[in-house]
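Only one structure is covered here, and it is reproduced in the block below.
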Amino acid sequence: MLSSIKARVIAFYMVVLFLTLSALGVFLYFSLHKIVYNSIDSGLLSRAKALATLVTENDNETEFKFSDDVMWEYNSPKSKSFFQIRRFDGTTLEKSASLRDSELPFQAGKDQTSFKTIFLNGEPTRLINFYVPEDNRHGNKEKTSAVKNKGHGLVIQCAEDIEDRIDLIQSYSIVLSLSIVFIMIISASGSFLIAKKALTPIKEISETIDRISESNLSERVTEKSIPSELKGLAASFNRTFDSLENAFNRQKQFAADASHELRTPLSVIISQGEIALRKERNAGDYKDALTAIVEAARMMSEIVQKLLTIARLGTDKFELKMEDINIGDIVHESVKLLRPLAEQRDIAINISAAETFTFHGDHAALLELFTNLIDNAIKYNIPQGKIDISIRKERDFIETEIRDTGIGISEGDLDRVFDRFYRVDKARSKENGGVGLGLSICNEIVMLHGGRIEIKSKVGEGTNITVYLKGNKDVTQA
Ligand SMILES: Nc1ncnc2c1ncn2[C@@H]1O[C@H](COP(=O)(O)OP(=O)(O)OP(=O)(O)O)[C@@H](O)[C@H]1O
Ligand SMILES: [Mg+2]
């Protein structure tokens, strides 16, 4: 039950409240108890003192000068006030009519004034034993010590029925307990409502999150109506859903683009095949059809291969096989692979590196990176154009710059060339066999190596692409 925040808050609050109210209740109860008993005791003490002044002793004769004024409250048998005058040894000298046959309890041998609660005829009664030594009383100063030693001092016992006062204290404690219970009930309901209200926004957030599904990724938690403490939580949920939605949309777009790209060569294969099969044809026609089919199949194979590379790079399980690599060597290797294409277009490639730079990275991935970039520099170059590749080190980064004298990219397209399947000039790309995946693969590879790519271009002048690979301790400058 205590697994909910609401229950925990209420339980904690109720325990604290109960302890506080109980402590207050106990304090109030004992305070009243003390006040009532102090007032009873001081009344009894005054009465005992008053009676003491009315008792005189001469030559072992005890005289009581009790007037009716004093005695009226003790004389009635129904009265609830009592007194009994005894010697120190317990011998009774006088007692009130209200006591009838009863006696006030007495214990000889004590000479200290004391109070106690007793039961007289079953009724709770407060009793004072007021000790009056012989020497304290008027007219007997000369006999003092002798009489006292013989036990001739007086004990004035005054008592009073306190049932009504005890009833008062009991009623008070009942009212107090009921008040505590009442306050607890009111507070429990109050804290339940407060906790419920305070937790409503969390419930709303959670309901919104429940509603957000694959088909409804665009819904967001409304931050306006949410209390300031939860705004941060709502904002971070919204941010998470923003990036989820973006990723999901990109993924959907990617799948749609991929199918679209594959459809073109597939329809070429199907239509060429169907046309060839429709009737008997000569060898030349079959050869043409087969050439178109092989071309389309090659295109498909390239797309599928690139898609596989992207899928491989994007999985969590993809691990780079890290080793020390000479960046110059990798660039030379890429140029060697692309040399036939460059020669075909009469494009000169020049590589310059002041030193040898060794980088800790994945050989296959870095070869793919530079091959793609140099391939673009050749494909989008003008005939007899030039490509300059320079490798240098600036601060922590090994910078590899590939500069071409090609057609360039307009400013509006520059931001998008890293998007999957994005091609500036679709017709031209197609003519070159471009799929539009090369740069996004490059970007992925560089990011996996903790680096970045920058692109600068001017239409008609050429393009500069620089790859920054972070050196740090993994980079050694040979
Ligand atoms: N050096 C460059 N000069 C001019 N345009 C370029 C250059 N590099 C890239 N582009 C433009 O950016 C687009 C995206 O390049 P990317 O390498 O991603 O795809 P692609 O070359 O068309 O196909 P792929 O590399 O997948 O075979 C290209 O289609 C081209 O329009
Ligand atoms: Mg390319």
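The values are calculated or read from the model by the stated rules, or taken from the named source; none is laboratory data. Since this is a predicted model, take the numbers as computed values, not measurements. When we count neighbours, we look across all protein chains shown, and the Cβ atoms used for this are built from the backbone with ideal geometry, even at glycine.
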*Restricting the stretch 369-387 to residues that are surrounded by fewer than 18 Cβ atoms within 10 Å (Cβ to Cβ) and assigned to a loop (DSSP other than H, G, I, E, B), which is nearest to ligand 2 (Cβ to nearest atom)?*
382
*Report, ordered by the first and then the second residue, all pairs with beta carbons closer than 9 Å, sequence separation of six or more or different chains, a first member in the stretch 305-321 that is of a type outside the set (Phe, Trp, Tyr), and a second member that is surrounded by fewer than 16 Cβ atoms within 10 Å (Cβ to Cβ) and at pLDDT below 85.*
312/318
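Taking the stated definitions as given, is residue 310 surrounded by 18 or more Cβ atoms within 10 Å (Cβ to Cβ) and part of a helix (DSSP H, G or I)?
Details: surrounded by 18 or more Cβ atoms within 10 Å (Cβ to Cβ): no; part of a helix (DSSP H, G or I): yes.
Judged against the criteria, residue 310 is not a match.
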*Using the structure shown, decide if residue 325 is within 25 Å of residue 397 (Cβ to Cβ) and among the β-branched types (Val, Ile, Thr).*
yes
*For the subset of the stretch 388-412 comprising residues that are crowded, with 19+ Cβ neighbours inside 10 Å and of a type in the set (A, V, I, L, M, F, W, C), which member is nearest to residue 460 (Cα to Cα)?*
407
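Looking at the stretch 322-369 only, could you name the residues that are of a type in the set (D, E, K, R) and over 28 Å from residue 310 (Cβ atoms)?
Looking only at the stretch 322-369, we keep the residues that are of a type in the set (D, E, K, R), and these are 323-324, 329, 333, 336, 339, 343, 345-346, 355, 362, 368.
Scanning the stretch 322-369 gives 343, 346, 355.
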*Taking the stated definitions as given, is residue 297 under 28 Å from residue 420 (Cβ atoms), modelled with pLDDT of 90 or more and in the same structural domain as residue 385 (by TED's automatic domain parsing)?*
no
*Determine whether residue 246 is in the same structural domain as residue 448 (by TED's automatic domain parsing) and polar (S, T, N, Q).*
no
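This table checks each residue for (1) surrounded by fewer than 14 Cβ atoms within 10 Å (Cβ to Cβ); (2) assigned by TED's automatic domain parsing to the domain that holds residue 309.
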| site | (1), (2) |
| --- | --- |
| 213 | yes, no |
| 218 | yes, no |
| 223 | no, no |
| 232 | yes, yes |
| 260 | yes, yes |
| 284 | yes, yes |
| 292 | no, yes |
*Please enumerate the residues belonging to the stretch 388-423 that are under 25 Å from residue 258 (Cβ atoms) and either out of contact with any strand residue (DSSP E or B) (no Cβ under 8 Å at 6 or more places or on another chain) or within 14 Å of ligand 2 (Cβ to nearest atom) (or both).*
409, 412, 413, 415, 416, 417, 418, 419, 420, 421, 422, 423
*Identify the residue in the stretch 313-345 that is in a loop (DSSP other than H, G, I, E, B), more than 30 Å from residue 383 (Cα to Cα) and of a type outside the set (Val, Ile, Thr) and, among all such residues, is farthest from the chain's Cα centre (by Cα).*
321
*Report whether or not residue 89 is in the same structural domain as residue 58 (by TED's automatic domain parsing) and modelled with pLDDT of 80 or more.*
yes
_residue 322 vs. criteria away from ligand 2 (no atom under 16 Å from the Cβ) and surrounded by 15 or more Cβ atoms within 10 Å (Cβ to Cβ)_ = no
*Can you name the residue in the stretch 24-58 that is in a helix (DSSP H, G or I) and under 16 Å from residue 153 (Cα atoms) and, of all such residues, is farthest from the chain's Cα centre (by Cα)?*
53
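Any residue at all in the stretch 426-435 that is modelled with pLDDT of 95 or more, part of a loop (DSSP other than H, G, I, E, B) and more than 26 Å from residue 326 (Cα to Cα)? Break it down stepwise before answering.
Keep residues of the stretch 426-435 that are modelled with pLDDT of 95 or more, which gives none.
No, the conditions are met nowhere in the stretch 426-435.
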